[in-house]
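The values are calculated or read from the model by the stated rules, or taken from the named source; none is laboratory data. Everything quoted here is computed from the prediction, not taken from an experiment. Reconstructed Cβ throughout: ideal geometry from the backbone, glycine too, with neighbour counts over all protein chains shown. The area values use the complete protein model at the heavy-atom level, side chains included, leaving out ligands, DNA and RNA. Shrake-Rupley method; radii C 1.70, N 1.55, O 1.52, S 1.80 Å.
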Amino acid sequence: MEAHRRARLLRVLELDVWTTRSKAAAVAEVVEAVVASAPIPAPRSLRAAAPVAPPLLLTPEAAEPPYIAPSDWAGLAEAVKACTRCKLCKTRTNTVFGVGPQDAPLLVIGEGPGAEEDARGEPFVGAAGKLLDEMLKSVDRSRSRNVYIANVVKCRPPGNRDPESDEVAACRPFLDRQIELLKPKLILALGRIAAQRLLSSTAPLSKLRGPQHAYGPANTPVLISYHPAYLLRTPSDKLKSWVDLKQVHRFLAGI
Ligand code: URA
């Protein structure tokens, strides 16, 4: 080993000052064998200044492209029927796309299909659905004439649990496309889960109910009210729900 190379190794090892010449030479011989094929590391004082590799950024090619839902009603319905975008597809019987005229000025959004909806493939057909139909009738509205009804998820969460955030996110492109195609004048979200998921809020229903909100790129007006299943359990709140329905009626009538 040449003298200057050895001296450099010893400096790198910081042995040149405090080690005797013979010990240092022995260490240097061992080190020489190890580093023979590798570059000598920079002294510590220089290491901090060494260029840092840039963070690994996901290129657009590497990132998963956003899902684009079909932009026509028939294509959208087919895509929902065949959907496997979340785990709910494994336990559903039927997807529950939505029901009502495709030009309805009012869009009612619930949280997700229950057992009867899953069996029949139509939203709000169980006991809560019957109450919803009565509530809508009281303000001269129905799913056959002027209300479109959908849910934040199109497949039944097992055991009627709340839909999870990944399931709502996976289903969101379908709901967004329905809203875009329908162009409703007003969205009425029923219950805390539908309201919070739609508005990406954690506020309680008591705070969300009352004020008018807005949704999506079209800033569609949104009102929040009680879920009919909740009203079946808590009939004393039906009066407040009636207040909300009158607000819906006044909004749509332009009063
Ligand atoms: N509850 C909902 O939120 N949606 C339905 O379709 C049925 C019950």
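The listed residues are Asp133, Asp103, and the only one of them that is acidic (Asp, Glu) and more than 13 Å from the ligand (Cβ to nearest atom) turns out to be Asp103. Note on segment 186-255: enclosed strands (runs of 3 or more DSSP E) holding 2 or more residues that are within 29 Å of the chain's Cα centre (by Cα) and crowded, with 20+ Cβ neighbours inside 10 Å are 186-190, 220-225. Of all residues in segment 150-170, those that are open to solvent by 10 Å² or more (accessible area, probe 1.4 Å), in a loop (DSSP other than H, G, I, E, B) and either free of Cβ contacts under 8 Å to residues at least 60 places away in the same chain or not assigned by TED's automatic domain parsing to the domain that holds Lys81 (or both) total 3.
Selection of segment 106-117 for residues being more than 6 Å from the ligand (Cβ to nearest atom) and either crowded, with 21+ Cβ neighbours inside 10 Å or hydroxyl-bearing (Ser, Thr, Tyr) (or both) yields Leu106, Leu107, Val108, Ile109.
Please verify whether Asp140 is surrounded by fewer than 23 Cβ atoms within 10 Å (Cβ to Cβ) and farther than 23 Å from Ala104 by Cα, treating the condition exactly as stated.
So Asp140 fails the test.
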